[in-house]
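Here is the structure we will look at, set down as structure tokens.
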Protein chains: 2
Amino acid sequence: MRGANRISGKELEMDLTPVRGCRDFTPKDAIARARVTDVLRSVFQKYGYPPLETPALENFETLSNKFAGGEEILRETYCLKDQGGRDLGLRYDLTVPLCRVIASNPRLAMPFKRYQIQPVWRDGPIKTGRYREFTQCDVDVLGVESLKADAEIICLAQDAFEALELPAKMKVNNRKALNALLEKAGVPKEKEVQAILSIDKLRKIGFDGVLRELIEERGLEEETARAALNSFKEFEGKNNEEKIALLEKKLGNCEGVKELKELLAFSNSFGVQDFVEIAPELARGLNYYTGTVFEVYALDNEIKSSLAAGGRYDDLVGAFAGRERVPAVGISFGLDVITAAKDFSVGESVAQCFVVPVKDCFDEAAGIADALRAEGVCTSIDLLDRGLGKNLEYAAKQGIPFAVIVGKKELKEGKVTLRNLKSGEEKLLEAKDAAKIILG
Amino acid sequence: MRGANRISGKELEMDLTPVRGCRDFTPKDAIARARVTDVLRSVFQKYGYPPLETPALENFETLSNKFAGGEEILRETYCLKDQGGRDLGLRYDLTVPLCRVIASNPRLAMPFKRYQIQPVWRDGPIKTGRYREFTQCDVDVLGVESLKADAEIICLAQDAFEALELPAKMKVNNRKALNALLEKAGVPKEKEVQAILSIDKLRKIGFDGVLRELIEERGLEEETARAALNSFKEFEGKNNEEKIALLEKKLGNCEGVKELKELLAFSNSFGVQDFVEIAPELARGLNYYTGTVFEVYALDNEIKSSLAAGGRYDDLVGAFAGRERVPAVGISFGLDVITAAKDFSVGESVAQCFVVPVKDCFDEAAGIADALRAEGVCTSIDLLDRGLGKNLEYAAKQGIPFAVIVGKKELKEGKVTLRNLKSGEEKLLEAKDAAKIILG
């Protein structure tokens, strides 16, 4: 495949494919992606979250902060030096830059909300659906201890998938509850984080796969590993209230369970109880989460990866700043997985009509294109002096719904011919009326 | 300044400023930037240009193609290797990636139009207004030999600055005319490209600066350099038609002058003759331009750098593809210089109202926030259980125009208190009616 684009010309033989693991988005896909980010932006803003932008490059010192992504992610960081010899890296997520911004602007009013839609880079293995450049759409609120913030994020996520018309549900858990469950199963405190990294793969590699990993890679006793995994099985087939009751029975007066109950109550306030599914096995692969964790998955969909995920990370910002704790909770929507889970494409073209000047009528046609644009119609015009047939063919192939034909005949009557490129139907009318029909 | 953010905490001493030459855009600035890109996108789409996205990373081989940016730009390219040892670089413009995409997709229908709004990186000297990461907003049309395409781009640019309400004009020239002028002044053919790089700085370093550079750095005879620069002076104070006439008189039947005349005629067709100013000294610093070159500058503004610039580059795409010529013309809008030339900011917040639950009314207030959002109001809600006064203060400081107060008193009547945070005026009314007032 890669060789296919190795073109040998007179002057050069060059590989014209994108960098390994990265992609070009030609118009059809780029239009679809813009539709998704426009919907997400508008939902984020509906909840009062403003945008933030940070540089692609970060000081390597920032990225390698021990409180941030951890060994596994740091291994996948693209590293480089600038001409001044500074050690830099491409950001691997949008959370670390957010923490840096907050830490370096101590006078920002709290709560601080922001969304951020930017690419991130990881020089890791390439599999189906895993790329080295991918776009994250993050929403976070900082400075709120109350689980109301977690519930607001859940509510926003529900709204976002509703607006995307992509049926989905959210699994919710609490790290403190998960830790308590593992402790009860006999997992030693010092192996908890490692165990959680394996349990996070339950949906991907199944019970037996995780069991093997817990024993072979994480060094748990088989009995302990089985006990830990079995304790999750007891929750299967229960509803949220029953799961909470069972957690309470198992763990008693555990803070994690109290938080889950409270979160469920706030979710009711926000009216999103049906979107939420308590999932005691849900772990999330990052070690900086401190409480709530969640993960959105698509209903009735081939895509099994999470469409969005996040949680509470109360210690990270403070660690960056070397100052007091800044409670924080956020969610990250994956633009690439969302566009893989549903086809958002609407064609190659953004033009709603294509103006075709019949010979010697370019001047007048340019004026009509201008008038159509003034009416709000996205309008393309023939720049090649092609014949009528060729032009109609080009426009139809681009998926442009209408052609506006401007010839001597039309001009004499002060009108244009509007042609519906799907039905072939034609009408002679004034440009203004054509605009109305095109805009629907 | 940089030291100010070096925070020494218990755990770490870390530089929290952005990477040298790069910037964080906190909400106020990010909102302003999003406003500008939204306007640009909508104008680009009105002309039928769809989006394209390409990766930040390119193979170094692509970036260093001898037909592309040239030595000067390549020196400023951020280089890195991936874990597979491949030589990569961060893209330094959006033109080279476009050429690569076109060259690697030989079946794309022509004309091919696209816009592309993405950051680019150059590891060069930092001065006022020059950054190492900056965002370009490019619009190009490929496959059109006719100068109608150049005129369409001019028309689009005029529309864009009108939509941005940023008074501007465009200088237009033709490289073939410029070359002919230089030849006539006695500049040797082999020194033309070098001379053009200096002449491009006329506005920045003035007549004497360019003269010195032409002599000392580009190796021209003083007499030749003076003759070249003086030939531009004769055009001062003339209108477009007079300039064309003078060019014809000086250069006779020169192709560049013919093209300028034709472009001016098409600009009339598109109704943008008043936006265009023929500028025989305009060079543009890149050596891949082949015909039309243009540059937009702000009227009555402190910013002297061009707000947008571009031209025709008929040989570049074919050179990349190692195949037949693909005529091309495009323009690049500088997001950073545009936002420097005019203040597009509208505050720290995107929220149009802030819901304040008075004690024990959070549930009902959350429902009201939900209802306001359903009406299309961007709504934030207090998550901190702060008192009324603190909340109103926070909302006003964020620049949120309205507060919606929800207490027992309001709930009993099935209403809310709408408070205008500027005037202090309060009204008791139904949430729906509050939404109407907020939306204006």
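What follows draws every value from the coordinates through simple rules; no lab data is involved. This one's a predicted model, so the numbers in the text were calculated from it and none came from an experiment. Glycine gets a Cβ as well: all are built from the backbone with ideal geometry, and neighbour counts include every protein chain shown.
For the range A:353-439, the square roots a ≥ b ≥ c of the C-alpha gyration tensor eigenvalues yield an a/c under 1.5, which makes the shape rounded. Based on C-alpha pairs under 8 angstrom that are at least 6 apart in sequence, the range B:232-369 has a relative contact order of 14 percent. Every helix of 4 or more DSSP H residues in chain A counts as -39500 (n - 2.57), and over all residues that averages to -12000 deg cm²/dmol at 222 nm.
In order along the range B:152-169, the Karplus-derived 3J(HN,Hα) couplings, from 6.51 cos²θ - 1.76 cosθ + 1.60 at θ = phi - 60°, round to 5, 5, 4, 4, 4, 5, 4, 4, 5, 6, 5, 5, 7, 6, 10, x, 8, 9 Hz, and Gly and Pro are given as x. Whole-Hz Karplus values for the range B:277-286 come out as 10, 4, 9, x, 8, 5, 10, 6, x, 9 Hz, taken residue by residue from phi with 6.51 cos²θ - 1.76 cosθ + 1.60 and θ = phi - 60°; glycine and proline positions read x. For residue B:127, list the aspartates and glutamates whose Cα falls under 15 Å from its own Cα; do not include residues on the same chain fewer than 8 positions away. Counting by Cα, and skipping residues close in sequence, residue B:127 has these aspartates and glutamates nearby: B:76, B:336. Give the shape of the range B:46-195 as rounded, prolate or oblate, defined through the alpha-carbon gyration tensor: a ≥ b ≥ c are the square roots of its eigenvalues, a/c under 1.5 means rounded, and otherwise the shape is prolate if a/b is larger than b/c and oblate if not. Rounded, because the longest to shortest axis ratio a/c is under 1.5.
If you take every DSSP beta bridge whose two residues both sit in the range A:353-439, what share of them, in percent to the nearest 5, is antiparallel? In the range A:353-439, approximately 50 percent of DSSP beta bridges are antiparallel ones. Going from the fewest other Cβ atoms within 10 Å to the most, the residues A:380, A:423, B:349 appear in the order A:423, B:349, A:380.
Over chain B, what is the relative contact order in whole percent, taking alpha-carbon pairs under 8 Å and six or more residues apart? Don't skip to the end; give the middle numbers.
Values: 735 pairs, mean separation 70.4, N = 440.
Relative contact order here is 16 percent.
Tell me whether chain A comes out rounded, prolate or oblate; compute the Cα gyration tensor, take square roots of the eigenvalues as a ≥ b ≥ c, and use a/c under 1.5 as the rounded threshold. Prolate, because a/c is 1.5 or more and a/b exceeds b/c.
Ignoring aspartates and glutamates fewer than eight residues from residue A:169 along the same chain, the ones with Cα atoms less than 13 angstrom from its Cα are A:159, A:274, A:277, A:295, A:300.
Placing a label point 7 Å from Cα along the Cα-to-Cβ direction at residue A:162 gives distances to the equivalent points in the other copies of 4.1 nm, listed shortest first. Distant-in-sequence amide contacts of residue A:174, defined by a placed amide H-H separation under 5 Å and a gap of 5 or more residues or a different chain, comprise A:293. Beta-bridge orientation, chain B: approximately 80 percent antiparallel, per DSSP, counting only bridges with both partners inside.
Taking the 0 to 90 degree range and rounding to the nearest ten, how far is the long axis of helix B:95-104 tilted relative to the main principal axis of chain B, both from C-alpha atoms? The angle comes out near 80 degrees. Restricting attention to the range A:353-439, the count of lysine pairs at 8 or more positions apart or across chains with alpha carbons under 16 Å apart stands at 13.
Mind checking the angle between helix A:362-374 and chain A's longest principal axis? C-alpha axes, 0 to 90 degrees, to the nearest 10. Helix A:362-374 sits roughly 40 degrees off the main axis of chain A. Using alpha carbon centroids, what distance separates the range A:119-181 and the range A:361-440, in Å? Centre-to-centre distance over Cα atoms comes out at 45 Å.
Seen against the Cα atoms of chain B and their longest principal axis, helix B:222-233 is set at about 60 degrees.
Considering only alpha-carbon pairs that sit under 8 angstrom and 6 or more positions apart, the relative contact order computed for the range B:46-105 is 36 percent.
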